[in-house]
Amino acid sequence: MFAKIHHRLEIISRWAVWVGGAALMAAAFMVTVDVLARKFIGVTMSGSDEYSGYVFSATTTWAYSYCLLHRSNVRIDAFYSLLPKPVAACLDVVGCILLFYYMSIMTYYAGISFGNSWQSNSVSITTLGTPQWIPQLFWFAGLLLFLITLIFVTLYAVVALLQHNWKLVAKIVGVPSMADVIVEETQGHDVVLATSDTLDRT
């Protein structure tokens, strides 16, 4: 059951990343057109910088879930790689719990900020007067998706830890090995990893 939910969340997060990437490309195109128009014909598109800022802040949160599920977050693992597997698994779970604590607070206040902007109909202090609840809605949605994903991943890792399945804990929330990174980047196509077994046979 956990594996199926993990797979479904991975699909959702992948779509979120694609949508966010498309939004970033659209924002980059808008800024490029604005710069070129200002340079060559002396016309500016009002608000391109404002909208690109909204897009960047929102799409960043939409990538959090994908980053978590693929263990792409940056971690210092010089000492971590020397630890016994049970100790490393415990630290991985503790890290997830601490991250959940932090993100629950952040998501809570993001929801409050969105709710206040919605109720008071706050607008930006620019010529566009953009209703602040619109970009905050997308920002809050990304944080909420990440929090839901983080809750599941933490529960999944805790269950695996209680079962003493150190390998599964590492696969869910551990620091990926170099072999994992190679397979992830190449999607496993026509890749033969050099392991101790293959080296012994050569």
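FYI, it's all coordinate maths here, none of it is from the lab. Note that this is a predicted model, so its numbers are computed, not measured. Cβ coordinates were reconstructed from backbone atoms using ideal geometry, including for glycine residues, and neighbour counts include every protein chain displayed.
Results, tabulated for the structure shown:
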quantity	calculated
Residue within segment 20-35 that is of a type in the set (Gly, Ala, Ser), free of Cβ contacts under 8 Å to residues at least 40 places away in the same chain, surrounded by 15 or more Cβ atoms within 10 Å (Cβ to Cβ) and more than 17 Å from ARG71 (Cα to Cα) present	yes
Residue match in segment 104-118 (condition: surrounded by 16 or more Cβ atoms within 10 Å (Cβ to Cβ) and not polar (S, T, N, Q))	yes
Candidates GLY42, GLY47 - the one that is surrounded by fewer than 12 Cβ atoms within 10 Å (Cβ to Cβ) and on the phi > 0 side of the Ramachandran plot	GLY42
Residue check for ARG71: basic (Lys, Arg), touching a residue at least 40 places away in the same chain (Cβ under 8 Å) and surrounded by 17 or more Cβ atoms within 10 Å (Cβ to Cβ)	yes
Among residues of segment 119-133, those that are in a helix (DSSP H, G or I) and loosely packed, with under 15 Cβ neighbours inside 10 Å, counted	2
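For every residue, the table says whether it meets (1) over 27 Å from VAL153 (Cα atoms); (2) more than 19 Å from the chain's Cα centre (by Cα).
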{"position": "ALA27", "(1), (2)": "yes, yes"}
{"position": "LEU36", "(1), (2)": "yes, yes"}
{"position": "GLY42", "(1), (2)": "yes, yes"}
{"position": "ILE97", "(1), (2)": "no, no"}
{"position": "PHE114", "(1), (2)": "no, yes"}
